[in-house]
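What follows is a short report on a single structure.
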Amino acid sequence: MSRAWVRRLHQAEDVLLASLLGSLLLLSLAQIALRLFFDTGLAWAEPVGRAGVLWLALLGALGATRRHRHIAIDALPRLLPPGARRVAWAVAQASTAVLCAGMAWLGWGLVQLEREMPLPFVAGVPSWVPMLALPLGFGLMALRFAIAAAAPPPAPMDSTS
């Protein structure tokens, strides 16, 4: 039962990521078309596009951590025996979880600072709302790395993959 739930969660992440990418692409194309053909544009498109890129980057990083496709230096673990490799994996994943948790904490601090004196982002949306990407993205990555620390390391990847 839990594997099916996790699979659905991963599918939802993928759909969200693809939808956000498609929306940003359509928004950019609409903005280009409006400027070229009608000498106008959408006033809210640029800030929404910037915030969308932030969310896209953090959701993409979250997807990369799920598949262990993030940037990693794995030369040393390849040389270690299985027991030591397991320990190195756990230490690296736990350390990364702590760093991501720290980034989430700092991101939450930025959101709180912005909430003290919010600026308008777009009509009716305060400036702190798009900044939620930082604590949410890094918090979820911290959770993912903490879970990975308790799991066995994946098989070493071929350098051509």
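Brief remarks on what is shown
- Of all residue pairs spaced 6 or more apart or on separate chains, none has beta-carbon atoms under 7 Å together with a first member in the stretch 12-36 that is on the phi > 0 side of the Ramachandran plot and a second member that is outside any helix (DSSP H, G or I).
- Residue check, Gly102 modelled with pLDDT of 95 or more, more than 21 Å from Pro154 (Cβ to Cβ) and exposed (fewer than 14 other Cβ atoms within 10 Å of the Cβ): yes
- Boolean, Leu136 is surrounded by 17 or more Cβ atoms within 10 Å (Cβ to Cβ), in contact (Cβ under 8 Å) with a residue 60 or more places away in the chain, of a type in the set (A, V, I, L, M, F, W, C) and within 30 Å of Leu25 (Cα to Cα): yes
- Scanning the stretch 9-20 for residues that are more than 13 Å from Leu140 (Cβ to Cβ) and either acidic (Asp, Glu) or more than 18 Å from the chain's Cα centre (by Cα) (or both) gives a single hit, Asp14.
- Here the stretch 110-161 is the region considered, the condition is being in a helix (DSSP H, G or I) and aromatic (Phe, Trp, Tyr), and the residue that is modelled with the lowest pLDDT is Phe145.
- Meets criteria (under 29 Å from Trp128 (Cβ atoms) and touching a Pro at 6+ places or on another chain (Cβ under 8 Å)) for Trp44: no
- Taking the criterion of being charged (D, E, K, R) and touching a helix residue (DSSP H, G or I) at 6+ places or on another chain (Cβ under 7 Å), the only residue of the stretch 39-80 that qualifies is Arg66.
- Residues being touching a residue at least 12 places away in the same chain (Cβ under 8 Å) and under 13 Å from the mean Cα position of the chain (by Cα) - total across the stretch 69-79: 0
- Qualifying residue in the stretch 36-44 (condition: surrounded by 14 or more Cβ atoms within 10 Å (Cβ to Cβ), of a type outside the set (S, T, N, Q), at pLDDT below 95 and in a helix (DSSP H, G or I)): no
The values are calculated or read from the model by the stated rules, or taken from the named source; none is laboratory data. Predicted model, so just to flag it, every value in this text is computed and none were measured. With ideal geometry, Cβ positions are generated from the backbone for all residues, glycine too; neighbour counts draw on all protein chains shown.
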